[in-house]
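S.K.: Here it is: the structure, laid out below.
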Amino acid sequence: MTVRGIRGATTVLADDAAQVLVATESLVLEMAKNNEVDPADIVSVVISTTQDIASAFPAKAVRSITGWTYVPVMCTHEMNVPGGMPFCIRVLMHVNTTIAQSEIQHIYQNDAVKLRPDLQK
């Protein structure tokens, strides 16, 4: 096995705790499913939000998923770049896997599909 990074991003409509938690859970579950990742194979998850999101820690959504309690998760804020996508949650999941780097499926949901159209399958 090798450690690989799986990227993902999503957006919410507003800085609302329920939206942040639901969007984060949906994103990480799709990332894991599409890449056949078992929580025991996750090395760590780094989640960033744009600075307009402050209502909830997205890591709470990850830790609340059944079987994910002990996955190391950390939250941070994205750089505040003019013209950046608002209300955006980004995830970098480090996993032990046998999948080749070129075969990793990076997941972009909602308006975040605009961030990496080249990675959409």
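S.K.: Checking residue 78 against (1) touching a Leu at 6+ places or on another chain (Cβ under 7 Å); (2) more than 18 Å from residue 41 (Cβ to Cβ): exactly one of these is not met. Which one?
M.R.: (1)
S.K.: In addition: Could you tell me which numbered condition residue 96 fails, if it satisfies all but one of (1) polar (S, T, N, Q); (2) in contact with an Asp or Glu (Cβ under 7 Å, 6 or more places away or on another chain); (3) surrounded by fewer than 19 Cβ atoms within 10 Å (Cβ to Cβ); (4) within 24 Å of residue 14 (Cβ to Cβ)?
M.R.: Result: residue 96 passes all but (4).
S.K.: State all residues of segment 7-29 that are more than 14 Å from residue 68 (Cβ to Cβ) and within 11 Å of the chain's Cα centre (by Cα); if no residue qualifies, say none.
M.R.: Once the filter is applied, which keeps residues that are more than 14 Å from residue 68 (Cβ to Cβ) and within 11 Å of the chain's Cα centre (by Cα), segment 7-29 yields 7, 8, 9, 10, 11, 23.
S.K.: May I pose another question? Can you find a residue that is touching a residue at least 60 places away in the same chain (Cβ under 8 Å), in a helix (DSSP H, G or I), farther than 23 Å from residue 1 by Cβ and under 12 Å from the mean Cα position of the chain (by Cα) anywhere in segment 98-121?
M.R.: Yes, some residue in segment 98-121 is touching a residue at least 60 places away in the same chain (Cβ under 8 Å), in a helix (DSSP H, G or I), farther than 23 Å from residue 1 by Cβ and under 12 Å from the mean Cα position of the chain (by Cα).
S.K.: What are the residue pairs meeting all of these: first residue in segment 58-87, first residue closer than 17 Å to residue 38 by Cα, second residue in a loop (DSSP other than H, G, I, E, B), Cβ atoms under 7 Å, and 6 or more apart or on different chains?
M.R.: 62/68; 62/71; 63/69
Readers should treat all values here as calculations from the given coordinates under stated rules, not as data from a laboratory. Bear in mind the structure is a predicted one, so any value in this text is a computation, not a measurement. For neighbour counting, all protein chains shown are included, and Cβ atoms are generated from backbone atoms with ideal geometry for every residue, glycine included.
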